[in-house]
Each structure stands twice: as structure tokens, then as C-alpha cells.
Amino acid sequence: MSEETFSPLLDGGADPEPVRFLDDAGNHAPSQTAAEFADELAGVGLEDFSRWYRDMVSTRAFDTECTHLQRQGQLALWVPSVGQEGCQVGLAHAAEPQDHIFPAYREHAVARIRGVSFVDLAAQFRGLTHGGWDVTDPAHGNFHLYTLVLGAQTQHATGHALGQVLDAKRRAADTALDAGEPGTATGEATMVFYGDGTTSQGDANEAMIFAASYQTPELFVVQNNRWAISVPVTRQSRTPLYRRALGFGLRAVQIDGNDPLAAYAVGRRFLRDAREGRGPGYIEALTYRIGAHTTSDDPTRYREEGELERWQQRDPIDRLEAHLRSLGVGDDFFDEVRDTADREAKRVRDAILHLPAPEADSMFAHVYSEPHQRIEEQREWLERYESSFADEEAAR
Ligand SMILES: Cc1ncc(C[n+]2csc(CCOP(=O)(O)OP(=O)(O)O)c2C)c(N)n1
Ligand SMILES: [Mg+2]
């Protein structure tokens, strides 16, 4: 049932075509809906597209390496992003450095673009950190923690965005401190990523209510990759997801999520609107999870092969490559990008295997900012437990 079309219970009229600039084969063939966003691509050219292509290829090579590392017992788990790099790269480049990004757990390309190193990303899945990048920084590059509790990040993001409004008012010496009057220019925005399945969480819906009520400077991005582990999106919603957002009072657009140009253009518009006080937006990016949900999953148990093949033909990397070739880019560039990506991935492998294990004590260090009796008790218990093996160690 996975590919069935939606059948809205109420007829809300026909859905417009998703925004796209490239067709499935990578030809420049904008949809009618793209015209409204075409201006956003005015300053974007070959150099940008080449950078975006490199981001996608590097992320995929890293991703594939991490799947191998997990299979070899070197990572506890891996969450592949293969197939979803297009919307991630377009949206990450649409953001400005001062914007804040709240990811789910598959936004590896976004992390890279915000300056989080692949080694730090992999280290988290090796169990070497308790969350955070550079071991301790919870928001390197304003890229916040990976969040495995579905939808929690939507609340963090909306709360953060409310704070952005209040800060802007403080800066303007506006003592009313009443977040939510449309028109509060913050100069910075918040973007939050989540999946189609997560739209069913209460948290994600509550976040949209607050965003609409208080006109937060926020962009909700749903990567509709058609599956929530083994549950198809058609089970989650009887109407296309962007329509739900319209019902909350958000401006919402459906895009071809495997077209980085569409993601960039629409993302750029919504993020700028948010920064300038025109309230929150919502993007439903239609994409596909080519790989397994995680390395613990076997999608052949619930997906048909034909579906996978159809989406492989719309691979965002192949599409941008075709577009670059149409602009005159030749083999040398693509060979170099792939070589560099493979070398980068190998460097991650070498680095990750040699990272020191954290001190056991570190698990207590960041629970509370002040000393806490219960934490002290647990720390002491662990010390006693560990030292109970001292004799055994000495005897070896
Ligand atoms: C609150 C909560 N409920 C259930 C889970 C188990 N779980 C992890 S991922 C997932 C599916 C999420 O699907 P979707 O939102 O579409 O994101 P995707 O993994 O496809 O990117 C589920 C049910 C969880 N992590 N958190
Ligand atoms: Mg999904």
C-alpha cells in the first residue's frame, strides 16, 4: 500500500505540483509553482551547485562508511541518510550562520554544512559522547543535538524561536516582552527537521500551535521519506502533510525533496520571512529513504522492490550531476569529488577507531550544573563497583 495516492476525506481542491526546478533526470524544468521562488536562485551559480554536489557525495561516502563500521561492531548503531541529501543540502545552505537548527537524527549533510565534523558525528554513534559535538559543545555551528525522542526537537525549536523574539524585543528596549506580535524582526531564524511519522506526535502538533499563535521566526521542515520504520506515510495521514500545516495557520509548501534547488529556494524565502518578522513556515520535502531505517532494520520485510527502484531513479546526487554536466562540468570534477569523499570517509574510519573511550566518571559530570547528592551516591557506587575488580586485574 506504500505508493497509494492520498484520498482526502474532505475535498480541499487539487494539490498544486510540488515546487521543483530540476526534473527527475536533472534537466532544468521548473514546475509552475517554482516561478514564485525563482528569484531566490538569482545569485546562485555553478560554484554553489558544485559545493552542494560535493556536500552530497561526501555525506554519502561517510554514511556508507558508517554502515560498514556498524556492521564490523565499531558503531553501536547507524542511521543512514542515503537518498535524502538533496533537501538537506539545499536547506542547510539556505540558512545563515546566525540561524539555529534543531535536527532529528538523520541530518548528516546539514551537520557537515554547519561545521560539525564527521568524526564527531560518528563518535556519538560509537557511544563516546553523551550528546553534543566537539564532545562538549551542544550547539556547534548553531546545530543542536541529535534527538531520538521523536518530536522533542520541535518543542525545543519553538521554545528557542520564542526566545529569539524576546531577545529582539529586549535589544530594541521594548519592555512589553510580548512575543508573538507579527512584525518582530529578529534577524535570526530557527529551522527544525523531523520526519513524516513524527507529524503524528503530539509534541510536533503543539509546537505548530505555539508557532502560529506567537508568530515565531521558524521553519518546520518535514522530510517525508514515505516511511516511519515499517509504517507508510499513507497510514499517518489521510491528507498530504503540508495541508495539515495550513490548518494550523502556517504558510506551507510541498517541494520535490530530491531537488536541492527547490529546497534552497523555498528555504531561503521562508527563513528570510521568519527573520524579518513574517512568521513561521512549513516545508514538506517529498523524498525517500533509500536505505534501512537504521542498521537494526531490514526494509525488505515491508517494502516492495519496485518502489525502491523508482526512487533510485530520482537520486538527488545523479540529478545534480546531470545539471552540472549540462552547465559544462566534466569528468575531472566528478572524479576528484568522489576521490576526495572516499579519502575523507577513510580518515573518519581511522580517526574513530583511535578515539579514547571517555572516563566512566564523565557520565555524571553534566547531569546538573550544581553538585547533587543522588549523583554523588551513584558516582561512589560506580567507583566501588569498579574497584571490586582490582584484585582480579592484578591477578591477570
Ligand atoms: C517518542 C518516540 N516514539 C517512538 C520512537 C521509535 N521510533 C524511532 S524512529 C521511528 C520512526 C520515525 O519516522 P519518521 O518520523 O518518518 O522519521 P524517519 O526515521 O523516517 O526519518 C520510531 C517510531 C521514538 N524514537 N520516540
Ligand atoms: Mg519517515
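The values are calculated or read from the model by the stated rules, or taken from the named source; none is laboratory data. Keep in mind it's a predicted model, so treat the numbers as computed, not measured. Note that each Cβ is placed from the backbone with ideal geometry, even for glycine, and that neighbours are counted across all protein chains shown. SASA here: full protein model, heavy atoms, side chains in, ligands and nucleic acids out. Shrake-Rupley method; radii C 1.70, N 1.55, O 1.52, S 1.80 Å.
General remarks:
- Percent of Cα pairs exceeding the 40 Å cut-off, where the set is the chain: 19
- Residue with peak Gaussian network fluctuation, the chain [Cα springs, cutoff 10 Å], from 263, 185, 109: 185
- Nearest-10 value in Å² for the accessible area of residue 346, using the 1.4 Å probe: 110
- Most mobile listed residue (97, 240, 356) in the chain, GNM with C-alpha springs under 10 Å: 356
- Solvent exposure ordering (accessible area, 1.4 Å, most first) of 162, 148: 148, 162
- Three-way shape label, the stretch 118-256, alpha-carbon gyration tensor, a/c 1.5: oblate
- Rolling a 1.4 Å probe across the protein heavy atoms gives the chain an accessible surface of 46 Å² per residue.
- For the stretch 217-263, the Kirkwood estimate of the hydrodynamic radius, built from every pair of different alpha carbons, is 12.0 Å.
- In the chain, the DSSP-assigned H stretches of four residues or longer account for a calculated mean residue ellipticity at 222 nm of -14000 deg cm²/dmol, using -39500 (n - 2.57) per stretch and the full residue count as denominator.
- Whole-Hz ³J(HN,Hα) from phi, Karplus 6.51 cos²θ - 1.76 cosθ + 1.60, for the stretch 183-198, glycine and proline x: x, 7, 7, 9, x, 8, 10, 10, 10, 10, 9, 7, x, 4, x, 5
- Here r is the Cβ-Cβ distance between residue 359 and residue 14 and R0 is 56 Å; the resulting FRET efficiency, rounded to 0.05, is 0.40.
- The largest accessible area among 31, 296 belongs to the first residue in 296, 31, and the rest follow in falling order (1.4 Å probe, all chains).
- In terms of its C-alpha gyration tensor, the stretch 1-159 comes out prolate, because a/c is 1.5 or above and the ratio a/b outweighs b/c.
- Shape parameters for the stretch 175-308, alpha-carbon atoms, Rg then Dmax in Å: 16.4, 60
- Bins of 10 Å, starting at 0 and running to the largest distance - Cα pair percent for the stretch 242-298: 22, 40, 25, 12, 1
- Ordered from largest to smallest accessible area (heavy atoms of protein chains, 1.4 Å probe), the residues 370, 218, 309 come out as 370, 309, 218.
- Rounded percent of accessible protein surface that carbon and sulfur make up, the stretch 310-380, 1.4 Å probe: 50
- Residue of 208, 191, 363 that the Gaussian network model of the chain assigns the largest fluctuation, springs spanning Cα pairs under 10 Å: 363
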